[in-house]
Amino acid sequence: MSPPPPLSPKRASGPGATTPCCRSVKCRRLLSPREEARPWASLPEDLVQLIGWRVLAADLLDYVRLRAVCAHWNRSAIRPRGHGLVDPRFHPRRWMLLPEGHGLYPGHPHLGGYVRFFNLSTGAFVRCHLPLFHDHIILDSIDGLLLLLLHRDHGTGIRLLHPFTGDIAELPTLMSLLPQIEFQPRYLNMSEDQKLCRLRIFLRGVSAAVTISDARTITVMVVLPTESRLALATAGDERWTLSAWKLPMLLAPAVFFQGKMYTVSRRLSEKNVVFIHQIDPPQLNFEDPQSLSLHPPTMIAKCLLVGTMGTLIHLVECGLELMLVGRLSDASGPHLVVYRIADLVCGRIAPVKDIGDHALFLGNRSVSVLANKGFPSVLGNSITCRHISMIQKPPVGSRRRKRVEQYHLHTGTWSPAIEEDILPCQDSLASPYSLVHHIYTCSYRNYWNMGLIFSGAIAPDWSVKPNLWTRVISM
């Protein structure tokens, strides 16, 4: 959905001159008779760009529409292509790839090279032509940018893609990480297939962050949970650099929020206390100006969760704030609590009872949507997650299993969210799928590359499309 190419009509000359385009049929159609007398179509270029920045702060798609009004506005506002990655203002923050289901993974021949995205705030849908998915799979989505892995010829190259502008940043191959692992001698005599098989383990549950320096340098940080370390690389580097320090015992995947990475962990000696750590963007190494240094995580807050803490602990962005969500169990039964990280940093431990029209979807990569306005079928002030159902009794002789249910913050009650039953003759969730199915699947990236909709009865072996890398998977 790239904007139309800029036109080049003759410019007016003289001080303060502008380029009128009042003869544009499109402009006249958009203006009412009273507004035609106003020089909207002949605004100075710097004022058009100022308006464009205000529009861009809301949504990239609105900025594209602004540039499409007329030739003068198109020329006056900076073209997103070429700036999509290096300028954070053009990052499609609230846009998420839509899991299609039915086995239609990104790059499936039946999709014709097209991929659909939807806006988590407005509910708008767009379709983009991205033939790159023919030989790439998705590792993660950061502020709408896609971290891709080349799968052709068993490759391990990494790319960062802006799905709407087509801008691409080349990153080093993940193979450069193998010699940096602690037990290096283990890899000296490994074959290529064995190295790739080991790489599969590295890629399970990765979470990434993208930072842009003042010099417009793109740096990507990837958390490798199996190694408890963080890998760092800048676009154009020859290899990834593994952190010298190890991450604490993570309870949930790391979250990238407002230029920094956040993690939640706990200590064995304090099981009912969770610790929030912050990882700052990499800085220039004063001893070696050609390299970057990454400081260890800094603990910024801790929270005592009174009661029996379950396994459900998540960090999730909600609006303009970062939230901590935990599951507790007491005499009244299991329930969820929500805390603002900003409150915890200040020492205030006060649960949030109302998140407005926001709805949280908790998974490996939690997301939040703006219900009612953009998604009328999604209930606001709710949290959707996997939960041991107390509503529906299991068959005689079987145990209760986790189901996807909705927790209502206002009433503190649970209700079913989606239908997950799979018949014995089926190998995937039966369609049709509700919108909640698609949104919740966004929380589990390993389903994306398989073209599946989330179901607790299905466990994708790895984040790889069907029939790809079969030689590695069969080892």
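The values are calculated or read from the model by the stated rules, or taken from the named source; none is laboratory data. Keep in mind that this is a model prediction, so the values were computed, not measured. All Cβ positions, even for glycine, are placed from backbone atoms using ideal geometry, and neighbour counts span all protein chains on display. Quick note on the areas: whole protein, heavy atoms, side chains included, nothing else; ligands and nucleic acids left out. Shrake-Rupley method; radii C 1.70, N 1.55, O 1.52, S 1.80 Å.
What to note about this one:
- Looking only at residues of segment 366-385 that are more than 16 Å from ARG94 (Cα to Cα) and modelled with pLDDT of 85 or more, we find that the one that is most open to solvent (accessible area, probe 1.4 Å) is LEU379.
- Selection of segment 264-318 for residues being of a type in the set (A, V, I, L, M) and at pLDDT below 90 yields LEU268, VAL273, VAL274, LEU284, LEU292, LEU294, LEU304, LEU305, VAL306, MET309, LEU312, ILE313.
- Options VAL55, VAL48, VAL64; residue that is more than 16 Å from ARG89 (Cα to Cα), out of contact with any strand residue (DSSP E or B) (no Cβ under 7 Å at 6 or more places or on another chain), part of a helix (DSSP H, G or I) and among the aliphatic types (A, V, I, L, M): VAL48
- Per-region count, segment 313-356, residues within 18 Å of VAL367 (Cβ to Cβ), open to solvent by less than 20 Å² (accessible area, probe 1.4 Å) and among the hydrophobic types (A, V, I, L, M, F, W, C): 13
- Which numbered condition VAL69 misses (of (1) over 19 Å from SER121 (Cα atoms); (2) touching a helix residue (DSSP H, G or I) at 6+ places or on another chain (Cβ under 7 Å); (3) outside any helix (DSSP H, G or I); (4) touching a residue at least 60 places away in the same chain (Cβ under 8 Å)): (4)
- Pairs, first open to solvent by 20 Å² or more (accessible area, probe 1.4 Å) in segment 96-107, second among the polar types (S, T, N, Q), C-beta under 6 Å, six or more apart: TYR105/ASN449
- Residue check, PRO88 without any contact (Cβ under 8 Å) to a residue 12 or more places away in the chain, out of contact with any helix residue (DSSP H, G or I) (no Cβ under 7 Å at 6 or more places or on another chain) and not charged (D, E, K, R): no
- Flag if HIS154 is at pLDDT below 70 and closer than 27 Å to GLY113 by Cβ: yes
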